[in-house]
Structures are given as structure tokens and as C-alpha cells.
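Shown next, in C-alpha cells, is the structure this report addresses.
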Amino acid sequence: MSAKLNHARVLVVGGSSGIGLAIAAAAAEAGAAVTIASRSQTKLDSAVNTLGKTARAVALDTGDVAAVERFFADEAPWDHIVVSAAQTPSGPVRSLSLADAKIAMESKFWGAYRVARAAKIREGGSLTFVSGFLSVRPSANSVLQGAINAALEALARGLALELAPVRVNAVSPGLIATPLWSGMPDDKRDAMFASAAQRLPARRVGQPEDIANAVMFLVTTPFATGSTVRVDGGGAIA
């Protein structure tokens with residue numbers, strides 16, 4: 001087992017499933033004391049049991065300003081924080097309701113912003129956002145998601161200056177096989193993944209562990225800050 005994060009305190013917001021859980025598992029494997037946070041206590045209870053004895057789970061809604069500020073006020077400074085939490089209704093701008101559009105922005109952008117504003121991070125530590133490849137390869141059916149991802153990446157670049165020497169970065173995934181797609185019928189999901197794989201230079205869709213690897217690179221590289229690492233199988237150039 002690598003010990004690159006031995007004794008480090010790592011918080012993964014949105015760490016109860018999918019990409020966030022894979023990031024938490026990678027950090028735990030590297031020796032970190034991992035805390036996962038999300039809104040769902042049920043998911044947290046299931047996830048924390050997979051992460052080892054030093055892991056803990058905290059129910060936290062990043063949409064609740066007071067709860068976010070209270071949580072960080074009560075905690076010691078963190079070595080590394082990763083924010084992957086997001087609930088983002090999607091659809092074309094003219095058919096997506098303004099209420100749903102605000103929910104998407106509240107969850108993914110303002111949730112990350114609240115964490116960045118309240119968190120205490122040790123000097124030389126890091127804050128990493130998970131954005132998405134729609135920031136550079138927009139979709140006619142997901143315009144708002146692309147805008148939110150681009151805003152997150154811009155936020156990371158600006159915070160890298162404001163919070164220095166804390167390092168701030170973003171990881172931008174492409175199509176990743178996560179529980180996000182579990183609501184689709186198996187045959188339709190498999191067909192979508194197969195079609196996407198044929199179009200991608202990598203000839204496969206991503207796995208949560210692919211994104212975790214990229215996050216771990218940023219977390220453990222002292223010279224990495226103000227960067228966005230795209231892990232999309234070549235989707236942005238295909």
C-alpha cells in the first residue's frame with residue numbers, strides 16, 4: 001500500500017457513492033484518515049464500512065450555509081478536501097424550469113463555493129473540485145451543466161491565487177460508469193456505453209477509479225495548483 005497520505009486528514013464531500021467514494025477509497029489506501037460527507041445517512045452508513053477502521057461519515061448538506069459553517073468551525077484544519085457532491089437537473093435552457101436550474105447551480109457550484117469559503121486547510125494542503133467535460137464540449141441538452149462546470153474550473157483558478165499556499169485544482173471527468181446511470185434500463189445503459197466507447201480515442205468509458213487516480217495525482221503533487229485535469233477518454237478532442 002502506498003503511504004503518500006500517511007496520517008493526512010482527508011475530507012471527501014460527496015464521498016458516499018460513485019466518484020466520491022472511489023476518491024475516498026484511494027485516499028484511505030494511501031494511508032489517510034478519511035471522512036466522507038453527504039446528505040444521505042443511509043448511503044454514508046453503507047459506504048463508510050468499505051473504507052477501513054479509520055474512516056468516518058458525516059451527514060452534511062452543502063446547501064445549508066449554517067450547517068457547513070458549523071461543521072468546519074468544529075473541525076481541525078484538513079490536509080486535503082475534495083468536493084464531488086452534486087444534484088443537477090438537466091435539460092435544454094428553454095425547457096428546464098428556472099427552479100430546476102437554480103437547484104443545479106445551488107448544488108454543484110454554490111455547494112463547492114460554501115465549502116471553499118468555510119473550510120480550514122493546512123498550509124500546503126489542497127482543495128479539489130470535480131467539474132465535467134461539458135465545460136469544454138457543450139451539449140445542446142445540457143447547456144447549464146457546461147456553464148456550471150466552467151464556473152467551477154474558473155473558481156479553482158482564482159482560489160489558487162487567493163488561498164495560496166493552499167493548492168486548488170479541478171478534475172474534469174467525461175462519461176463515467178457510476179450509479180448516476182442506474183435509473184436507466186440495463187440494455188439502454190449498456191448500449192449507450194458501448195456507443196460512447198466506439199467514439200472515444202480511449203475506446204472505453206471511464207470508471208470512478210480513473211477519476212480517483214487523477215485526484216490523487218493533484219493531491220500528492222506539491223507543484224500542482226490552478227490546474228484542471230481532464231480525464232474524458234479523449235472526449236474533448238473526439
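The values are calculated or read from the model by the stated rules, or taken from the named source; none is laboratory data. It should be emphasised that the depicted structure is a prediction, and the values quoted were computed from it without experimental measurement. Positions of Cβ are generated from backbone atoms using ideal geometry, with glycine treated the same way; all protein chains shown enter the neighbour counts. What goes into the accessible areas is simple: the full protein's heavy atoms, side chains included, and nothing from ligands, DNA or RNA. Shrake-Rupley method; radii C 1.70, N 1.55, O 1.52, S 1.80 Å.
Points worth noting:
- Cα-centred dipole magnitude for the range 69-170, charges only on beta-carbon of K, R (+1) and D, E (-1), debye, nearest 20: 260 debye
- The residues of the range 93-168 present an accessible area of 50 Å² per residue when probed at 1.4 Å with all protein chains retained.
- When each of the peptides 166-177, 72-83 is scored by how many other beta carbons lie within 10 Å of its residues on average, the order from highest to lowest is 166-177, 72-83.
- Taking amide hydrogens as placed 1.01 Å from N in the peptide plane, the amide H of residue 167 sits under 5 Å from those of 124, 125, 126, 127, each at least 5 positions away in sequence or on another chain.
- As a ratio to 2.2 N^0.38 Å, the alpha-carbon radius of gyration computed for the range 109-155 takes the value 1.34.
- Ligands, DNA and RNA left out, the accessible area of the chain computed with a 1.4 Å probe is 55% carbon and sulfur.
- Potential lengthening between residue 223 and residue 197 on full extension [0.36 nm per residue; Cα-Cα distance subtracted]: 6.1 nm
- The chymotrypsin sites (Phe, Trp or Tyr not before Pro) of the range 142-225 that meet both conditions, a loop assignment by DSSP and at most 14 other Cβ atoms within 10 Å of the site Cβ, are 223.
- For the chain, the orientation-averaged shadow of the C-alpha convex hull comes to 12.9 nm² (one quarter of the hull surface).
- The trypsin sites (Lys or Arg not before Pro) of the range 173-222 that DSSP puts in a loop, and whose beta carbon has at most 11 other beta carbons within 10 Å, are 203.
- With helices as the sole contributors, the chain gives -11500 deg cm²/dmol at 222 nm; each DSSP H run of n ≥ 4 counts as -39500 (n - 2.57), and the sum is divided by every residue.
- Calculated FRET efficiency, residue 70 to residue 46, Cβ-Cβ distance, R0 = 35 Å: about 0.90 to the nearest 0.05.
- A simple packing score, the average count of other Cβ atoms within 10 Å per residue, orders the peptides 27-40, 150-163 as 27-40, 150-163, with the highest score first.
- Length released on extending from residue 6 to residue 99, taking residue separation times 0.36 nm less the Cα-Cα span: 29.1 nm
- Under a model in which nothing but the beta-carbon of Lys, Arg (+1) and Asp, Glu (-1) is charged, the range 43-96 shows a dipole of about 280 debye around its Cα centre.
- Take every Cα pair under 8 Å whose residues are at least 6 apart in sequence, average their separation, divide by the length of the chain, and the relative contact order is 19 percent.
- Farthest towards the positive end of the charge dipole of the range 27-130, among the residues 59, 42, 92, is the Cα of 92, using unit charges on the Cβ of Lys, Arg, Asp and Glu.
- The dipole here belongs to the chain: it is taken about the Cα centre, uses +1 on the Cβ of Lys and Arg and -1 on the Cβ of Asp and Glu, and is about 280 debye.
- When peptides 123-133, 51-61, 107-117 are ranked by their average number of other Cβ atoms within 10 Å per residue, the highest-first order is 123-133, 107-117, 51-61.
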